[in-house]
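*Asks:* Submitted below is the structure of interest, expressed as structure tokens.
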Amino acid sequence: MSSEGFGILIIDDEPNIRSGLAKGLAREADVVETASSAEEGLSKFREGFFQLVIADVRLPGEMDGLELIDQILRIRPQTTAIVITAHGTVETAVKSMRLGAFDFITKPLDLDLIRHQVRKAREHHRLQIENLELRNRLVNAGEVSNIIGNCAAMNDVFQQIRQVAATDATILIQGESGTGKELIARAIHDLSNRCSGPFIAVNLGAMPETCSRVNCSDTKKEHSPGRLIRSLADSPWLMAARSSLMRLAT
């Protein structure tokens, strides 16, 4: 399917639900595909290009619908997700929303309501794409999150910011004090798919030495990629940052 079209992926273990939704939503998308399990749905999602995923919470196999949605949004954060279930609870609804689901609908399904929500989801996706395109145009104009410059060196920096902001990679920014590392970090955040979330800056210089030190002395002889990252993930200052994020989210 072309990346310019609109595709819907429906994941439900009930054949009647899958066929009914696929038929009822055929006019709402360029492509509608179905899957009977989370594993099958994830495989189709990776192989195709779907802008909207509709998934049941209870699915056969090792992965449930919420775990599936979590993985899908990690792969392509701009994807819109609708969660459906016959066992709706406030706890499940809240969890799905926190994962990033667009809506939570309980069974038995009202096809008119589903169509209405799909149209809203399609508009939501269109606005997301427009927002990303606008941000990219602003970057191409030479200004990134209040960073101004039009020389060759700055244009190279802007290009690198655009490239890394489009990925989910862990980024390390190095430079002397006062060179604008935090500005670069903020620019990357503002251009990323997580721009709607908070940007948390942790000033290590203002923290006690015992909190800012990372223990990297206990290493093994064999090569183990990611050892430093795992050490950093357990450090007190990153835990403090995660705690701040949780407070903002609640």
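*Asks:* S3 - would you say it is out of contact with any Pro (no Cβ under 7 Å at 6 or more places or on another chain), exposed (fewer than 15 other Cβ atoms within 10 Å of the Cβ) and modelled with pLDDT under 95? Break it down stepwise before answering.
*Replies:* Details: out of contact with any Pro (no Cβ under 7 Å at 6 or more places or on another chain): yes; exposed (fewer than 15 other Cβ atoms within 10 Å of the Cβ): yes; modelled with pLDDT under 95: yes.
For S3, the condition - out of contact with any Pro (no Cβ under 7 Å at 6 or more places or on another chain), exposed (fewer than 15 other Cβ atoms within 10 Å of the Cβ) and modelled with pLDDT under 95 - is met.
*Asks:* Can you name the number of the only condition in (1) assigned to a loop (DSSP other than H, G, I, E, B); (2) at pLDDT below 90; (3) under 30 Å from L59 (Cα atoms); (4) of a type outside the set (A, V, I, L, M) that P108 fails?
*Replies:* For P108, the exception is condition (2).
*Asks:* Kindly evaluate F45 against the criterion of being modelled with pLDDT of 95 or more and of a type in the set (F, W, Y).
*Replies:* Working: modelled with pLDDT of 95 or more: yes; of a type in the set (F, W, Y): yes.
So F45 passes the test.
*Asks:* Exactly one condition in (1) within 23 Å of R76 (Cα to Cα); (2) modelled with pLDDT under 80; (3) polar (S, T, N, Q) is false for N150; which is it?
*Replies:* The number of the failed condition is (1).
The values are calculated or read from the model by the stated rules, or taken from the named source; none is laboratory data. This one's a predicted model, so the numbers in the text were calculated from it and none came from an experiment. Neighbour counts run over all protein chains shown; Cβ positions are idealised from the backbone, glycine included.
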